[in-house]
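Report on the following structure.
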Amino acid sequence: MNGLNRSFKSPEFYRRAESYKLLPLRFMRFDGNRYFVSGMGGEYLFMERSKLEQVVQGKVSTTDPLYADLLASHLIADEDSDIYRELVAAKYRTRQSRLPDWTALHMFVTTLRCDHSCQYCQVSRVSEDRSSFDMTPEIASKAIGLMFKSPSPCIKVEFQGGESLLNFDLIRYVVSEVKTRNDGRKLEFVITTNLANLTDEMLDFAEEHRISFSTSLDGPETLHNKNRPRPGKNSHGKTEEGIRRIRTRLGSQAVSALMTTTVSSLEQPKQIVDEYVRLGFDSVFLRYISPYGFAVKSASKIGYETEKFIQFFKEGLAYILELNKQGIFFRETYTQIILQKILMPGASGYIDLQSPAGIGIGGIVYNYNGEVYASDEGRMLAEMGDKTFKLGTVDDRYEKLFLNSPLLAMIHESMVEGVPGCSDCAFQTYCGTDPVFHHRTQGDFIGHRPSSAFCHRNMEVIRHIITLLEDDKEVSTILKSWL
Ligand code: SF4
């Protein structure tokens, strides 16, 4: 009996000196004796371990300056008021405000044909003359019908490939059909393309219908051409020329670019940033390579460890911050997304880092053959023979695709609030979930966080960005200017 008593602290230890309630909070050791404590609304505080113990034991005095900080950060509530709980609930609702709108992004895979043979290509492209890999107007028409069943007041139509411009007639058809059948939604059209096949006729059409372009740019010419081979070995030149022509006709904001980090990129973060600056972009997205499609088949040639990517990311970001200090306004896009989640109250529009996951409810893919996928990565996985993320076909009813398919289980199982590891993580509000990645790399939608590359990468990136925000005033000011 005495031995049992000795394993408990005295009642005095648990007695609360002050009357406040803890609101939902999570904490983690940040560095040394510094603890990071965050609430559901996204606010955070740093404190030493002894202070954190006082907080959770209800022993912070109302005269302690920390008390006011805890209240303002919505980590505690006065015992006699419900207002703080309601405020936290309102903030959580605001962060999830995109949910009632359901799917806004609709991706049409116009063709699997492509003139490039990129090492990391995430779809199984076929040679340019195999028109049996083109989407037909009949399939597109059914996809448009499903698209207009979405409750979203804004519809973004994105044309994907292969090389989407190789089936330009279908793009013409979809744009005209969507405009004709539009029932009052705000419409946006984007063509994802390598720009090698861009013609004046296409530019005329894009100008007439206010279509923008998204292209791939991996960095300087040698690196880009190594990653993105095509006949003539001139992918970079074609992309640069296309960017220039689009800007001349449609304005500087009509074209954006994305890069993919391969093992060849890891040594060149500055050169990649410099290339984006040289070509007149005001941001770069330092993107991790996805473990799908050809990226898997040639993983030994182009893959790398997560740790190496984190080093590359930090070097690239440090260089971008240096450019800002010299007066050049230039942003890193992933940093901007995380900053928005840390510092802003609203919902993030970036569908690859959300909870619930953006699959299906953020964006949906109509494949060239009429199959419907919950995400572009799910479609890429299907090209490798795994159709887990296929929701059905364009012949199915909307209700079946969204409510009577595996989609709800995928979303439900992968919410960070319930995922082991994420449920206790102090970065949860700034992070998200990726059921396709975890299914691919770890065998289920949830995954195992201690060995997850997704978690490792986000943990390190979020930690790094918070360190920059907290520990360097000049850098903090620059980062805030990106929002
Ligand atoms: S994925 Fe990792 S960093 Fe993100 S919330 Fe989950 S545990 Fe935290």
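The values are calculated or read from the model by the stated rules, or taken from the named source; none is laboratory data. None of the values given here were measured: they were computed from a predicted structure. Glycine gets a Cβ as well: all are built from the backbone with ideal geometry, and neighbour counts include every protein chain shown. Accessible surface is based on the protein model in full, side chains and every heavy atom, while ligands, DNA and RNA are left aside. Shrake-Rupley method; radii C 1.70, N 1.55, O 1.52, S 1.80 Å.
The table that follows gives values for the structure above.
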item	result
Given (1) on the phi > 0 side of the Ramachandran plot; (2) crowded, with 19+ Cβ neighbours inside 10 Å, number of the condition residue 421 does not satisfy	(2)
Enumeration of residues in segment 83-125 that are within 30 Å of residue 355 (Cβ to Cβ) and part of a loop (DSSP other than H, G, I, E, B)	96, 97, 98, 102, 103, 104, 120, 121, 122, 123
Members of segment 414-450 found to be of a type in the set (Gly, Ala, Ser), within 10 Å of the ligand (Cβ to nearest atom) and out of contact with any Gly (no Cβ under 9 Å at 6 or more places or on another chain), listed by number	423, 426
Residue 376 acidic (Asp, Glu), surrounded by fewer than 24 Cβ atoms within 10 Å (Cβ to Cβ) and assigned by TED's automatic domain parsing to the domain that holds residue 163	no
Residues within segment 375-408 that are touching a residue at least 60 places away in the same chain (Cβ under 8 Å), under 21 Å from the mean Cα position of the chain (by Cα) and assigned to a loop (DSSP other than H, G, I, E, B), tallied	1
The listed residue being within 26 Å of the chain's Cα centre (by Cα) and small (Gly, Ala, Ser), out of 164, 176, 235	164
Some residue of segment 345-352 being part of a helix (DSSP H, G or I) and either touching a residue at least 40 places away in the same chain (Cβ under 8 Å) or not hydrophobic (A, V, I, L, M, F, W, C) (or both)	no
Count - residues of segment 451-476 that are over 24 Å from residue 25 (Cα atoms) and within 15 Å of the ligand (Cβ to nearest atom)	2
Qualifying residue in segment 337-344 (condition: closer than 23 Å to residue 275 by Cβ and under 12 Å from the mean Cα position of the chain (by Cα))	yes
Qualifying residue in segment 454-477 (condition: open to solvent by 30 Å² or more (accessible area, probe 1.4 Å), without any contact (Cβ under 8 Å) to a residue 12 or more places away in the chain, at positive phi and more than 20 Å from the chain's Cα centre (by Cα))	no
Residue match in segment 229-251 (condition: over 22 Å from residue 163 (Cβ atoms) and modelled with pLDDT under 95)	no
Residue match in segment 270-287 (condition: touching a strand residue (DSSP E or B) at 6+ places or on another chain (Cβ under 6 Å), part of a loop (DSSP other than H, G, I, E, B), under 30 Å from residue 387 (Cβ atoms) and in the same structural domain as residue 191 (by TED's automatic domain parsing))	yes
Candidates 194, 167 - the one that is assigned by TED's automatic domain parsing to the domain that holds residue 330, modelled with pLDDT of 95 or more, in a loop (DSSP other than H, G, I, E, B) and in contact with a strand residue (DSSP E or B) (Cβ under 8 Å, 6 or more places away or on another chain)	194
Residues of segment 93-128 classified as within 30 Å of residue 264 (Cβ to Cβ), modelled with pLDDT under 95 and not hydroxyl-bearing (Ser, Thr, Tyr), total	13
